[in-house]
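A quick write-up on the structure given underneath.
The values are calculated or read from the model by the stated rules, or taken from the named source; none is laboratory data. Keep in mind it's a predicted model, so treat the numbers as computed, not measured. Every residue, glycine as well, gets a Cβ built from its backbone with ideal geometry; the counts of neighbours run over all protein chains shown. Areas reflect the complete protein model, heavy atoms only, side chains present, ligands, DNA and RNA absent. Shrake-Rupley method; radii C 1.70, N 1.55, O 1.52, S 1.80 Å.
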Amino acid sequence: MPMLLLFALATPSYAADFWPVGDRPAVVRPWSPPATPYGPGHRGVDLSAPIGAPVRALADGRVSFAGELAGRGVLAVELADTGDPPLRTTYEPVTATVDQGSEVRAGDLVGVLQLPTGHCPRTTPSCLHWGLLRGTTYLDPLSLLSPSARTRPPARLLPIWPFTNS
């Protein structure tokens, strides 16, 4: 029974069946929490995506910030019904398509990916930095995805047989 409880806590009822960008983007830089609050680490995940790619809200919530910080577009969404303080997702670099204070639903377009700002690894031309916080504590944003979204392979189109040339 304790195992079941742990699984229920690790997979929230608001787990998304889709990613914030693309169908199943490559995680080009994983979450790496710092050992201390101000120590080195990576406080989110970087998802490979082309410049101009649509960015979607992972869950219902309210836009708590939409603007520019340190020369890059940043968007933050407080997730509904996630406790006190609520969970907050962050997306950068994005051009927001919603205003601060707007209510959003899971899957809504909230922005488009901007030109990279040097945050992405050199192996990928562009990426979305996706973060998750509760208050001031950074969490792994991949925990917001349902198990099937994390493990499902990308869809593949197969030919229809027999192929005839008419």
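Identify, from the list VAL98, VAL63, the residue that is over 13 Å from the mean Cα position of the chain (by Cα) and in a loop (DSSP other than H, G, I, E, B).
VAL98
Restricting attention to the range 90-105, which residues are open to solvent by 50 Å² or more (accessible area, probe 1.4 Å) and either closer than 20 Å to SER143 by Cβ or in contact with a Gly (Cβ under 6 Å, 6 or more places away or on another chain) (or both)?
Across the range 90-105, the qualifying residues are THR95, THR97.
For the range 80-89, does any single residue satisfy the condition of being open to solvent by less than 30 Å² (accessible area, probe 1.4 Å), touching a residue at least 12 places away in the same chain (Cβ under 8 Å) and not in a strand (DSSP E or B)?
Yes, that holds for at least one residue.
How many residues does the range 20-59 contain that are without any contact (Cβ under 8 Å) to a residue 60 or more places away in the chain and surrounded by 18 or more Cβ atoms within 10 Å (Cβ to Cβ)?
Total meeting the criteria: 3.
Mind listing whichever residues of the range 16-46 are among the β-branched types (Val, Ile, Thr) and outside any loop (DSSP other than H, G, I, E, B)?
VAL27, VAL28, VAL45
Name every residue in the range 39-80 that is of a type in the set (Val, Ile, Thr) and within 12 Å of VAL112 (Cα to Cα), in order of residue number.
Hits for the range 39-80 are ILE51, VAL55, VAL74.
Which members of the range 81-105 meet the condition of being at pLDDT below 95 and small (Gly, Ala, Ser)?
Within the range 81-105, GLY83 is the sole residue that qualifies.
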